[in-house]
Structures are given as structure tokens and as C-alpha cells.
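Below is one structure; the comments refer to it alone.
The values are calculated or read from the model by the stated rules, or taken from the named source; none is laboratory data. Every value quoted in this text rests on a predicted model; they were computed, and no experiment measured them. Don't worry about glycine lacking a Cβ; one is built from the backbone with ideal geometry, like all the others, and counts go over all protein chains shown.
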């Protein structure tokens, strides 16, 4: 009787957990690109198999047998949900596109367009990231690179490169940055390029904007994103609805633990900016972009 009650309670708890949109999307992202979680799931499956094998040994208490059945039922429900949810959220669009996001420092992409990138990835597009500096002036280089890798992995970015141009001095390396960005563009041939705005007063952000425009001079769609250092001159006319990706954006930003003391990294600030842009777009949450050029078919239905 007790194992049956336990089984029912576990099933109900699992169902309630899976019905929560935030944790639902978090697990789907980890399932896609989180090698750690995949390893944990495989380990859990092996432990469950061993537990069931032990329960089949003659002389094993009936309580242990019934508990094994209960845990197997719960694990089966959870696995079935993962397969169904993963299939639904990664249904590709008829025409997939290649996206390149170029930022100056680790955390720039997550703050500026993390929700948009995650949404495009879930629609089947291939997203690449290029960060020009490891941000060593604002933190420890190795830690910031590791945080960028974890955030990119969480969002689902196919390949994220973090280069070592000197933090706060990017303007002095314009030609070298142009060459680096152009090399990636020639390799992946993106349909859309995201980068910093001309209205950004951070010297590195502005330098990356100029270098990207030179490197992407033949690209049909270039969209400039907003950062905490953009000025009032930032004038977006392209918006992406990220209502279902607000929690993903916040989680990706919070991956940069070494930067969390900065006010603009807080969940409240990130959510507030998205709500402000959402009000302009007549949505709950949105990310905003200035188009340098915008080919209408480049981004599909976002």
C-alpha cells in the first residue's frame, strides 16, 4: 500500500514539475546541448536499471520490488515527456537560416539578444557566436571564457568563439578584428548578422560595431542590438517577441556569475528592459534592434 501511495505522489509531483513552463524549457535546453545533464540522465538510467536488477534477486523484500516499479513508472513518464517536448520545440522551419552574433565581451550577447538567439535556435536555425575579447579587465579571463562557454551551451549556440583582443582597447585593433569577423562570415555564410549599435558609448562596443559593418559589408541583413551602454539615440524598428524566452534569457545572463554585482545583470533589470521594449512592440517582452539593412525574409516569423 505504501509503495502505491509513493508512486502516485511521485507521478503527481513529476507532472506538476513538467507543467511548469520555466523548468520545461530549461530541461529542453539542457537536453539539447547540456552534456552534463545528458551524462546525469544516463547515470540515473544505469542506477535505476541496477536497482531493478537487485529487486529481482530471490529473497528481496516485497517493499523494494514495489518501490522499483514505482520509480520505473515515474522515470518512464519523465522520459516520454522529454522526447515529446524535445520533438515539439525543435521542429525546424521549412527554410533554416544561419545566424552570426558578434559581441565585444562575454555576456554581451546574452544581455542584448539572448532571447532572440534561443528562439531562433528552437525554430531550427543555426546560430554562431563571436566574442572579440575575453573581458579580462572586468574579471578573470579564464573564468569569463568558461562562463561564456556555459551560457552559449545553455542557449544552444552551435559554435561560440571567444577571441583575445585586448579588453577596453579594441578600437586600436580595427583591421585585425575586421579580418577575424570576415573569416567567420566567409566560413559560415550567415543570413543575419547581429552586433552592437552605433549609438553605444562603450568604446569596445562601438569599435566592434564599426568592424562588423566593414566585415559584413556584403551581408543582406545586419541588426544592431541594445546594451546597458547604448544612449538615447538608439532607435529600434525591429522587435522580436521573447515572451516565452524571458526565463531563458535571465538564466543565460545569470551564468556569468562573476559579473552579477553589476546592476544591469540583475534579473529585475533584464526583465525590465524586455518589458519596456515589449510595450513598444505591443507584447509582454521583446528585444529591440536597429536595422543597418534588413531583408524581410531573413528571419522568418519571429
State whether one or more residues within region 141-150 are at pLDDT 95 or above, closer than 19 Å to residue 289 by Cα and assigned by TED's automatic domain parsing to the domain that holds residue 263. no
Matching residues in region 157-177 - criterion: being in contact with a strand residue (DSSP E or B) (Cβ under 7 Å, 6 or more places away or on another chain), part of a loop (DSSP other than H, G, I, E, B) and in contact (Cβ under 8 Å) with a residue 40 or more places away in the chain: 157
Any residue at all in region 267-279 that is surrounded by 13 or more Cβ atoms within 10 Å (Cβ to Cβ), outside any helix (DSSP H, G or I) and on the phi < 0 side of the Ramachandran plot? no
Of the listed residues (202, 209), the one being surrounded by fewer than 20 Cβ atoms within 10 Å (Cβ to Cβ), farther than 21 Å from residue 118 by Cβ and in the same structural domain as residue 145 (by TED's automatic domain parsing) is 202
Filter result (buried (at least 17 other Cβ atoms within 10 Å of the Cβ) and part of a helix (DSSP H, G or I)) within region 224-246: 245, 246
